[in-house]
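Undergrad: Quick one: the structure is below, questions incoming.
Just so you know, all these numbers are worked out from the coordinates, no wet-lab data involved. Quick caveat, the model's predicted, so the values are computed rather than measured.
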Amino acid sequence: MQNIEVKRRDLDFRSREAFKSLRTNIEFSGDDIKVVVITSCTPNEGKSDTSFELAESFAQNNKKVLLVDADLRKSIMRQRYKRGRIRLGLTNYLVGKCTMEECICQTDASNFDMIFSGPVPPNPAELLGNERFVELIKKSRENYDFVIIDSPPLGSVIDTAIISKQCDGAIMVIASGEISYRFARRVKEQLDVTGCRILGVILNKIQMSSKGYYGKYYGKYYGKYYGKYYGNYGDEKHA
């Protein structure tokens, strides 16, 4: 197991409360929800930041959490959240070059482990569909209370559909004002086909400049959109 120090963002009070609400909603979705995949329609909607902050929120609530960076094509986790060198990642494990234990990073936060994506492979979809990934999820269920998987945008590549088959629930992150309803619905239908339960949608990047916005839209932001669905990729800046 590798040891790392993670870099954190300074969240304001509203953001911290938002992730606590999201965490609570997932916990109330049922005891059978342990492995959650987080995706988006397109790059740069905030899915990776959401995955990290949600995983850390679970860890702060005394849950043992594993965050898996399964965006093998263009990970931003390596640049944004780690300090120090990572020797082994998910790709190394999937091609049989290391064990699961060897690619896990124990962070400086209590109860919070991570697996970074590793080197970019030529065949990410095939790797994520092999038996080693199935075995990784199986072992993670046994060793952790929650497993959060950051996956590529489903509107761009098929990887998330493959990952979702091993998960208990899926969450879509949608940037406000950037994605059409029709496109979001098509991506949701792709998730439906996998048989993975859609836990909800997170509406992200809402402009909070108006003083009255917080009080008026708090419930809609983290209530309505979370429960609504209940029951050009590769740019360096893309999340």
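Undergrad: Using θ = phi - 60° and the Karplus curve 6.51 cos²θ - 1.76 cosθ + 1.60, what whole-Hz ³J(HN,Hα) does each residue of the range 12-19 get, with Gly and Pro shown as x?
TA: 7, 4, 5, 5, 4, 5, 4, 6
Undergrad: Calculate the tail of P(r) for the range 1-79: the fraction of all Cα-Cα distances greater than 18 Å, expressed in %. List each step's numbers first, then the result.
TA: Values: 1418 of 3081 pairs.
Roughly 46 percent, rounded to a whole number.
Undergrad: Still on this structure, I have one more. Over the range 13-227, what is the relative contact order in percent, taking alpha-carbon pairs closer than 8 angstrom and at least six residues apart? Write out the running numbers ahead of the final one.
TA: On the way: 367 pairs, mean separation 60.5, N = 215.
Once divided by the residue count of the range 13-227, the mean separation gives 28 percent.
Undergrad: Moving on. Hey, can you grab everything whose amide H is under 5 Å from the amide H of Asn204? Only 5+ residues off in sequence or another chain; H modelled, so Pro and N-termini drop out.
TA: When sequence neighbours closer than 5 places are left aside, the close amide H contacts are Ile174, Ala175, Ser176.
Undergrad: Considering amide H positions built from the backbone, and no H for Pro or chain starts, which residues 5 or more places from Val35, or on another chain, come under 5 Å of its amide H?
TA: The answer is Val147, Asp168, Gly169.
Undergrad: Averaged over every viewing direction, what's the projected area of the C-alpha convex hull for the range 13-227? Give it in nm², one decimal, please. Can you show the working numbers first?
TA: On the way: hull surface 46.5 nm².
For the Cα atoms of the range 13-227, the hull's average projected area reads 11.6 nm².
Undergrad: A follow-up question, please. Karplus couplings for the range 114-122 from phi (6.51 cos²θ - 1.76 cosθ + 1.60, θ = phi - 60°), rounded to Hz, Gly and Pro as x?
TA: 3J(HN,Hα) across the range 114-122, in whole Hz: 9, 10, 7, 5, x, x, 6, x, x.
Undergrad: For the range 90-146, what is the Kirkwood hydrodynamic radius in Å, using each pair of distinct C-alpha atoms?
TA: Numbers: mean 1/r = 0.0829 Å⁻¹.
Evaluated on the range 90-146, it is 12.1 Å.
Undergrad: Quick check: Cα centre of the range 110-149 to Cα centre of the range 1-40, how many Å?
TA: That distance is 17 Å.
Undergrad: Where both partners of a DSSP beta bridge lie in the range 13-227, what percent of those bridges are antiparallel, to the nearest 5? If you can, show how the numbers build up before the last one.
TA: Numbers: 2 of 26 bridges.
The answer is about 10 percent antiparallel.
Undergrad: Right, another one. Amide H of Gly46: which non-local residues (sequence gap of 5 or more, or other chain) have their own amide H closer than 5 Å, using H built in the peptide plane?
TA: Sorted by chain and number, the residues that satisfy this are Ala239.
Undergrad: Also, quick follow-up: Per-residue HN-Hα couplings for the range 184-192, Karplus 6.51 cos²θ - 1.76 cosθ + 1.60 at θ = phi - 60°, whole Hz, x for Gly and Pro?
TA: 4, 5, 5, 5, 4, 5, 5, 5, 4
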